Amino acid sequence: MSEGHVLIVDDDPALLQALPEALQMRMTGLTVDTAQSGAVALDRITARDYDAIVTDIKIPGMDGLELLAEIRTHRPDTPTLMITGYGEHDLVVQALRAGAYDFIRKPIDRDYFVGSLRRAIEKRGLSRRVKGQQLAVERHLNELEAIVEERTRELRETNQVTESPLRFLIGANGQMEKIVEQIKQVADSPLTVLVEGETGTGKELVARAIHQLSARREKPFVAVDCGAIPDTLIESELFGHEKGAFTGAHQRKEGQFQLAGGGTLFLDEIVNLPLPTQAKLLRALQERQVQPLGSKRPVQVLARIIAASNVPLEREARAGRFRQDVYYRLNEFAITLPPLRERDNILHLASEFLPEAGMELGRPCRKISEAAAQVLLRYHWPGNVRELRNVIRRAVLLAADVIEPAHLSVIPVDSPATAALREAPAPGDCSLKEIADAAAAQAEQDAIRRVLQLTSGNKSEAARLLRTDYKTLYLKLKQYRIDAALFRESRAS
Ligand SMILES: Nc1ncnc2c1ncn2[C@@H]1O[C@H](COP(=O)(O)OP(=O)(O)OP(=O)(O)O)[C@@H](O)[C@H]1O
Ligand SMILES: [Mg+2]
């Protein structure tokens, strides 16, 4: 029993009369519409989605092939059967190529015709059901997608507020947990924060985390490297200047204090601030006002100040190299980052850097061998987390799948005398003289590494800072097997 609604197109009125009757006798429930021309057929097709269409290949006004093309365009899922006469072989081939479902030869073999039409209607039903399911699946997928999107957005928002700024301290245990607590505690307060720690311990990371966790997170975070700006320019850089305030001041310029607005101003390497500038900083901290050079009117300071130093500022203050009063003002809340060698999460950090480096360099590296882990734990890391990250990057580049000690050759191997600097020497292992020499060598290496960090691997600049000549530095680098190139992108990271 077939149900369905079909359209028959033919210019022969006798056929249009006879065919529907013949079909309906054999297919109960079949509804048949007819059209005598292409134009009428098109109207019908536009108005209704037939289960199948039967058309003579030659009809007046528009030939059957043209009609077929229209059907394929507007009703691509409706099977179309073509009625053909003798000698129309070429047309048949064209029609089949153009997507006709079947062709029926005249004189019509009714059994064949009915069979073919039945199959066509069934096919249409099937494709409708598949389409319906496809639509349902698509709708379902869209719903899922919307849910996933919504969840991702929620996660991203909560992460931004609570976790992502602290990502670098994930799994932090012991001392680092305390630091995380301090960051959370101080973030939303107006207190000025002093972050201290050796180079590469993460001072800037902490400053950014405080900003991100504060209500100021949408406002600017402005970092000023007080060590990188010449003394003569630092004040105009920080406080701004009026047009004509000094020779070369062609235009009025906002200072970093103003640019930070209601955000956070990060004063990095604060110890490098010249003493006269420190006096002006004191006013900014105490009275929340700064005076642009050449201006009579003070400007209100809205920004929260975070300062960083890689030397203990209290020591500098006691030695008279830094103003005591400024030190106290900056020190409203102090966070001291321990050097990496004193942390208990070296391997945790290393394992965090591993996939990161793998991704970046396109070289996935699975793990760090037990022996390599021992090398990482024994080293004293003068360049701290930054150095660890670079060492892991380099090892990932060299290793295939597992990092072995051979991939960590940038880390110097301790001689018994060097080891004796940190632990009590085994009896008879080394003399006092050897230990003293090792200490000197160690101090030299550490200084060279620290300065290379500062100069991003620039050897001439490093030599200048160490007040030695290029050749001496070059020889020392060879002697200690230090690769200056390793420090190249370290500051940018
Ligand atoms: N706990 C940490 N987890 C992940 N990465 C860290 C961590 N601490 C530092 N880093 C990374 O080490 C590098 C140095 O960090 P950062 O610039 O914050 O150090 P710094 O103390 O400001 O150093 P410097 O005194 O040389 O300016 C950066 O690439 C930073 O992402
Ligand atoms: Mg820094």
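The values are calculated or read from the model by the stated rules, or taken from the named source; none is laboratory data. Note that the structure is a prediction, hence the values are computed from the model and not measured. Cβ coordinates were reconstructed from backbone atoms using ideal geometry, including for glycine residues, and neighbour counts include every protein chain displayed.
Details
- Restricted to segment 198-291, the set of helices (runs of 4 or more DSSP H) holding at least 1 residues that are within 30 Å of PRO339 (Cβ to Cβ), away from ligand 1 (no atom under 16 Å from the Cβ) and outside the structural domain of ILE346 (by TED's automatic domain parsing) comprises 231-239, 256-260, 275-287.
- The single residue among ARG343, ARG378 that is loosely packed, with under 15 Cβ neighbours inside 10 Å and charged (D, E, K, R) turns out to be ARG378.
- For segment 245-261, the condition of being touching a helix residue (DSSP H, G or I) at 6+ places or on another chain (Cβ under 7 Å) and under 28 Å from LYS178 (Cα atoms) holds for none of the residues.
- Residue match in segment 434-453 (condition: crowded, with 17+ Cβ neighbours inside 10 Å, over 25 Å from VAL375 (Cα atoms) and either at pLDDT below 80 or over 38 Å from the mean Cα position of the chain (by Cα) (or both)): no
- Neighbours by Cβ (under 8 Å, 6+ apart or cross-chain): first from segment 374-388, not assigned by TED's automatic domain parsing to the domain that holds VAL311; second assigned to a helix (DSSP H, G or I) and of a type in the set (Val, Ile, Thr): LEU376/ILE346; LEU376/VAL391; LEU377/ILE346; TRP381/ILE346; LEU388/ILE346
- A residue that is of a type outside the set (D, E, K, R), without any contact (Cβ under 8 Å) to a residue 12 or more places away in the chain and more than 21 Å from LEU194 (Cα to Cα) cannot be found anywhere in segment 236-243.
- Pick from segment 73-101, criterion touching a residue at least 12 places away in the same chain (Cβ under 8 Å) and among the hydroxyl-bearing types (Ser, Thr, Tyr), ranking: surrounded by the most Cβ atoms within 10 Å (Cβ to Cβ): THR80
- Any hit, segment 97-113, residues being at pLDDT below 90 and either in the same structural domain as ASN331 (by TED's automatic domain parsing) or among the polar types (S, T, N, Q) (or both): no
- Pick from segment 1-58, criterion among the acidic types (Asp, Glu) and within 16 Å of LEU81 (Cα to Cα), ranking: farthest from the chain's Cα centre (by Cα): ASP11
- Check on LEU135, outside the structural domain of LYS58 (by TED's automatic domain parsing) and either among the charged types (D, E, K, R) or not in a loop (DSSP other than H, G, I, E, B) (or both): yes
- Candidate set: segment 346-367, residues that are of a type in the set (Gly, Ala, Ser) and in a helix (DSSP H, G or I); chosen: the one surrounded by the fewest Cβ atoms within 10 Å (Cβ to Cβ): SER351
- Residue check, ASN331 within 19 Å of VAL186 (Cα to Cα) and in contact (Cβ under 8 Å) with a residue 60 or more places away in the chain: yes
- Beta carbons closer than 7 Å, at least 6 apart along the sequence or on distinct chains, pair a first residue in segment 187-208 that is within 19 Å of PRO382 (Cβ to Cβ) and in contact (Cβ under 8 Å) with a residue 60 or more places away in the chain with a second that is away from ligand 1 (no atom under 14 Å from the Cβ) and small (Gly, Ala, Ser) for GLU196/ALA334.
- Answer from ARG315, ARG321 - the residue that is within 30 Å of VAL385 (Cα to Cα) and not in a loop (DSSP other than H, G, I, E, B): ARG315
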